[in-house]
Amino acid sequence: MPTTIRRWALVVFVAALVFAWRAETNQDVAVAQARKPIMMTRIFTGPDGLSHAEQVEMKLNGNVTEMMKATGVEFSRRAPGPASDWHVGPRRQFVITLSGRSELVLGDGTKVAGGPGHINLIEDTTGKGHTTRNIGPEDRIVVTIPLADQTVNTR
């Protein structure tokens with residue numbers, strides 16, 4: 001009889017371990033699935049010659065994107081003030097706001113607000129372009145990353 005009780009105790013113990021492990025694994029999967037995607041705003045020139053915007057989810061392999069080749073990196077401080085004149089991007093590049101706020105007005109009339117952590121992929125290198133206004137009481141700190149691949153995706 002004591003051997004039967006030990007066997008049942010062992011079975012219950014192993015079942016409890018398996019149950020706890022599966023619950024933890026399922027929780028890890030649920031947390032991973034619940035994470036917000038990394039989004040960027042793609043600014044591009046449409047066939048009408050005007051700048052447009054679309055929200056694009058960055059493709060991740062696990063928690064990381066594929067490595068992208070860049071030609072450099074530049075940090076800049078941009079004071080609040082009136083909107084810039086209409087301009088196009090000088091090249092295909094990421095512009096990421098680290099602090100401060102901005103508003104881009106696109107050729108199609110769309111307004112794109114940017115704040116800390118906002119990622120813009122600037123691809124409107126032709127056409128009417130956009131205006132940029134740095135808003136709020138503080139300077140806007142930006143990191144600009146020109147991409148080595150200057151091929152604009154026309155989707």
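What shape does region 80-148 take by its C-alpha gyration tensor, where a ≥ b ≥ c are the square roots of the eigenvalues and a/c under 1.5 counts as rounded, a/b above b/c as prolate, and the rest as oblate? Judged from the Cα gyration tensor, region 80-148 comes out oblate (a/c at least 1.5, b/c at or above a/b).
Between residue 91 and residue 145, the modelled labels are 1.5 nm apart [label points 7 Å from Cα along Cα→Cβ]. Seen from residue 40, the other residues with C-beta closer than 12 Å to its C-beta sum to a net charge of -1, counting Lys and Arg as +1 and Asp and Glu as -1. Note on residue 19 and residue 75: with the Förster distance fixed at 41 Å, the Cβ-Cβ geometry gives a FRET efficiency of about 0.20. Less than 5 angstrom separates the built amide H of residue 99 from those of 141, all sequence-distant by 5 or more or on a different chain.
Seen from residue 110, the other residues with C-beta closer than 11 Å to its C-beta sum to a net charge of -2, counting Lys and Arg as +1 and Asp and Glu as -1.
For region 39-98, what class follows from the C-alpha gyration tensor (a ≥ b ≥ c being the square roots of its eigenvalues): rounded when a/c is under 1.5, otherwise prolate if a/b is larger than b/c, else oblate? All intermediate terms of the calculation are to be shown ahead of the outcome.
Working: a/c = 1.95, a/b = 1.31, b/c = 1.49.
Oblate.
What does the highest-first list of 36-43, 79-86 look like by mean Cβ count within 10 Å? Before the final figure, lay out the partial values.
Working: 36-43: 15.1, 79-86: 11.6.
Highest to lowest by the protection proxy: 36-43, 79-86.
Please give the peptides 103-112, 119-128 ranked by average Cβ packing (other Cβ atoms within 10 Å per residue), highest first, as a rough proxy for protection. Walk me through the numbers before you get to the answer.
Numbers: 103-112: 16.5, 119-128: 20.2.
Sorting 103-112, 119-128 by mean packing, highest first, produces 119-128, 103-112.
Inter-label distance, residue 83 to residue 34: 4.1 nm, where each label sits 7 Å from its Cα along the C-beta direction.
With θ taken as phi - 60° and the Karplus curve 6.51 cos²θ - 1.76 cosθ + 1.60 applied, the whole-hertz 3J(HN,Hα) list for region 38-43 is 7, 10, 9, 9, 8, 9 Hz, x standing for glycine and proline.
Coordinate-derived values only; no laboratory data. Quick caveat, the model's predicted, so the values are computed rather than measured. Note that each Cβ is placed from the backbone with ideal geometry, even for glycine, and that neighbours are counted across all protein chains shown.
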